[in-house]
Amino acid sequence: MGYMTVETSSPTLLRLKRSPGIRSWSLLVGITSVGLTAAYYSSDSIPWKLFYISGCLFVALQNMDEWEEAVFDKTRNLIELKAVSLYALVLTLWRKGQETIVLDLTQLCDVCVEEERVRYLGKGYHVMLRLAAGISYPLTQSATMGGPSDVEAVASLVKRFLGLDEMQRKQQDDEDYGEDDSHSVGDSTGSDDEADQR
């Protein structure tokens, strides 16, 4: 599975989605199967068998990735980051489990890829949204294992949609132009001083 998939793409709206991958579903099936096997072959009472099954099911749900969605809306100048946790939904009997973060699109100044160490699994990568205030938010709650190519592709897509590359190039050109002006002013001042001394 890729890092995120494009759900909607238009000049004013970009919607990205992510669902639990094969690893999450494999863990869910595998851990739940352990509980079912223990209950089937155990000579314990029914309450204990139900405990085996429910305990393994909760452990499996804890290791599930979340359903995540990122919406970049130019018309409202908003970024919405949504995450739905199946574990939290089950634990709270569907009262909670959805988390939404709303950011100001005009404050977004950079989109980059960061590396993260994942315990027991090695390196993971995810996209970071950097705001002008110095605060950074991850595009997704969990990192993607393997190479960074999929994550870099999503970061490039978001940058192109928002025009961040052009903005950064203009800022760099302005800085270079300012430095050239300061050098030319310094040179002219030096030549004036030499002329005065003569």
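The values are calculated or read from the model by the stated rules, or taken from the named source; none is laboratory data. Source: prediction; values computed, not measured. Cβ placement follows ideal geometry from the backbone for every residue including glycine, while neighbour counts extend to all protein chains displayed. Surface accessibility is based on the protein's heavy atoms, side chains included, excluding ligands, DNA and RNA. Shrake-Rupley method; radii C 1.70, N 1.55, O 1.52, S 1.80 Å.
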Problem - Sequence of Cys109, Cys56 when ordered by accessible area, the most exposed leading, probe 1.4 angstrom - result: Cys109, Cys56
Practice task
Along Cα→Cβ, 7 Å out, is where each label goes; now give me the distance between the ones at Asp150 and Ile22 in nm to one decimal.
Solution key: 1.0
Fill in the blank from the handout: Distance in nm between Glu114 and Glu166 label points, each 7 Å along Cα→Cβ, equals 2.9
Problem - Hull volume in cubic angstrom per residue (convex hull over the Cα atoms of the range 18-96) - result: 78
Practice task
Enter the per residue convex hull volume of the range 1-133, computed from alpha-carbon coordinates, in Å³ rounded to the nearest integer.
Solution key: 142
Completion exercise
With every protein chain in place, the accessible area of Phe58 for a 1.4 Å probe, in Å² rounded to the nearest 10, comes to 70
Completion exercise
Using alpha carbon positions and the Kirkwood radius, the Rg to Rh ratio of the range 84-128 is 1.14
Completion exercise
Of all trypsin sites (Lys or Arg not before Pro) in the range 102-162, the ones in DSSP coil with at most 13 other Cβ atoms within 10 Å are Arg119
Handout entry: Where Thr92, Thr75, Thr37 fall by accessible area, highest first, once all protein chains stay in place (1.4 Å)
Key = Thr75, Thr37, Thr92
Problem - FRET E, pair Trp67, Val34, Förster distance 30 Å, beta-carbon r, rounded to 0.05 - result: 0.75
Exercise for the section: Pop out the carbon and sulfur fraction of the accessible area of the range 48-162 as a percent, whole number, probe 1.4 Å. Expected result: 55
